[in-house]
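We did not get these values from a lab; they are worked out from the coordinates using the rules stated. Quick caveat: nothing in here was measured; it's all calculated off a predicted structure. All Cβ positions, glycine included, derive from the backbone under ideal geometry; neighbour counts span all protein chains shown.
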Amino acid sequence: MKQSTGAVRCRHHPVRLPAVLAAIAALVLALVVPATASAESRASEAQAEKPAKFLLVAGTDAGKIVVLRVLGSGQLRKVSEHSTGAGTMAVKVAQDGRTVFVGNMLDNAIAVYRLSDGGTLRQIQKFRVGGVPVTFTPSPDGKFLFVANGLGKLKTLEITRSGRLRDTGHSVDQLIATVAPMVTVDPNGEFVRVASAFEMGIKSYRVAPGGRLLPLGTVPAGIVPVNGNATPDGRFFYIAHEQSMDIRGFRILGDGNLAPIGSWFSGPISHEVQITPNGKHLYTPNAFGMSISGWNVHKNGQLSPIAGSPFAAGVGNLPALVVLNPNGKYVYGVDVMTPGHPGDTQVHSFAVRPNGALAKIGSVGTGLRVVDGPVAQITG
């Protein structure tokens with residue numbers, strides 16, 4: 001085969017060397033650009049691909065927790081129920097998807113369970129926290145559990161490798177009269193937020209080594225602020241207000257404090273904010289509105305209603321909690337009560353359309369009476 005300067009001659013067609021180099025450069029660029037995507041984007045994509053296995057729902061007075069299997073169609077099927085003792089106010093699942101924390105206000109304790117592949121629970125510990133464990137949440141890295149108790153303290157507990165809890169000795173004081181504090185942790189694990197209904201404000205803390213909490217500022221919020229959450233990229237924080245019937249948004253500053261950016265009417269008895277793994281949509285339940293409101297989250301943090309919002313749960317269904325499937329394809333509304341099914345609180349499944357709109361695809365009974373605290377969690 002004869003070669004000429006500046007070209008490589010193959011059997012049928014000559015290919016210029018610059019063209020070969022350009023093709024190689026394009027290939028390298030295609031490989032490098034995804035690799036340099038932001039950590040937040042990669043984390044969101046990985047989370048979105050992680051299939052959900054079970055949805056756990058607890059009943060406060062029934063003293064039980066129900067395990068619902070998440071089917072490939074997005075619908076739910078009840079697979080087991082377990083006695084937890086009356087007074088359950090909060091249920092959280094650790095990052096491993098197997099360690100389940102259940103707070104019991106009568107025992108002043110948090111029970112730790114292991115969730116099997118078949119959907120059964122086995123208790124491995126009952127940890128007494130000293131004061132009613134009103135709400136709590138694990139850190140994203142699975143190392144700590146931050147607990148707000150009825151004695152006005154926010155405590156840090158260590159989650160050991162076995163999933164058991166151990167007291168770190170770290171706590172910060174809050175108002176003794178704080179009512180129903182809701183605890184959340186930012187996705188990066190650097191900041192803890194506590195919404196205080198009594199103070200009508202949001203307290204922020206920085207997480208120092210060992211889980212020690214350093215108080216930051218407090219920002220005013222609406223009447224009965226509950227169940228807030230930060231966007232996956234850690235830029236914005238939103239919280240719903242049970243009595244103000246609105247959502248309030250905040251920019252998360254570099255030092256971890258919050259700066260208000262706006263408020264939006266959300267409907268009667270808006271009780272929590274849940275944000276999709278890609279950070280593009282936000283949902284909040286309206287118990288008295290018998291619906292779930294959906295919002296577009298814009299790059300500047302502003303919200304706008306998704307077309308067709310609010311989305312009806314059905315006459316007589318009063319959703320007070322929203323749970324998102326990590327794959328972003330399904331949303332679940334958990335009733336605070338279902339008048340048409342006394343003593344059998346319903347969970348409603350919705351398919352998520354490409355624009356974020358919801359379409360109801362089914363309901364399932366739990367056999368429980370559920371409170372509007374954080375008593376429903378999905379596992380990966």
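At 0.36 nm per residue, minus the direct Cα-Cα distance, what do Arg164 and Asn257 gain on full extension? Give it in nm, one decimal, please.
Details: separation 93, 0.36 × 93 = 33.48 nm, distance 3.15 nm.
Gain on extension, Arg164 to Asn257, equals 30.3 nm.
Taking the Cα centre of segment 230-380 as origin, work out the dipole magnitude from +1 charges on Lys and Arg Cβ and -1 charges on Asp and Glu Cβ, in debye rounded to 20.
I would put it at about 460 debye.
In terms of Cα to Cα distance under 15 Å, which aspartates and glutamates are near enough to Lys53, apart from those fewer than 8 places away along the same chain?
Correct list for Lys53: Asp96, Asp117.
Residue separation times 0.36 nm, minus the C-alpha to C-alpha distance between Asp96 and Arg69: what's the value?
Working: separation 27, 0.36 × 27 = 9.72 nm, distance 1.71 nm.
So the extension gain works out to 8.0 nm.
Please state the Cα pair-distance histogram of segment 258-331 with 10 angstrom bins from zero: what percent is in each bin?
Going from the shortest bin to the longest, the percentages are 20, 51, 26, 2.
Does segment 71-126 come out rounded, prolate or oblate, given a ≥ b ≥ c as the square roots of the eigenvalues of its C-alpha gyration tensor, rounded meaning a/c under 1.5 and, failing that, prolate meaning a/b above b/c?
Prolate.
For segment 49-378, what is the convex hull volume of its Cα atoms per residue in Å³?
Details: hull volume 38.0 nm³, N = 330.
For segment 49-378, the hull spanned by Cα atoms encloses 115 Å³ per residue.
With a ≥ b ≥ c the root eigenvalues of the C-alpha gyration tensor of segment 80-170, is it rounded (a/c under 1.5), prolate (a/b larger than b/c) or oblate?
Details: a/c = 2.03, a/b = 1.23, b/c = 1.65.
Oblate, since a/c reaches 1.5 and b/c is not below a/b.
Rank-order 291-298, 208-215 by packing density, defined as the average count of other C-beta atoms within 10 Å over each peptide's residues, highest first.
Details: 291-298: 21.6, 208-215: 14.1.
Highest-to-lowest ranking by the protection proxy: 291-298, 208-215.
For a protection proxy built on the mean count of beta-carbon atoms within 10 angstrom, sort 232-240, 113-121 highest first, please.
Peptide ranking by packing, descending: 232-240, 113-121.
Which loop-located trypsin sites (Lys or Arg not before Pro) does segment 246-320 contain, where loop means any DSSP state but H, G, I, E or B and the Cβ has at most 14 other Cβ atoms within 10 Å? Numbers along the way, then the final one.
On the way: sites: Arg248, Arg251, Lys280, Lys299; in loops: Lys280, Lys299.
Passing sites in segment 246-320 are Lys299.
What ranking do Asp173, Asp246 get, fewest neighbouring Cβ atoms within 10 angstrom at the top? Don't jump to the answer; show the numbers that get you there.
Numbers: Asp173 10, Asp246 19.
With the fewest neighbours first, Asp173, Asp246 line up as Asp173, Asp246.
Between segment 108-122 and segment 216-272, how far is it from one alpha carbon centroid to the other, in angstrom?
Here the two parts' Cα centres lie 32 Å apart.
Let me know the volume per residue of the alpha-carbon convex hull for segment 308-352, in Å³. Walk me through the numbers on the way to the answer.
Numbers: hull volume 3.1 nm³, N = 45.
Residue-normalised Cα hull volume stands at 68 Å³.
Starting from the Cα-Cα distance between Arg122 and Phe288, subtract it from 0.36 nm times their residue separation and give me the gain in nm to one decimal.
Extra length from Arg122 to Phe288 when fully extended: 56.1 nm.
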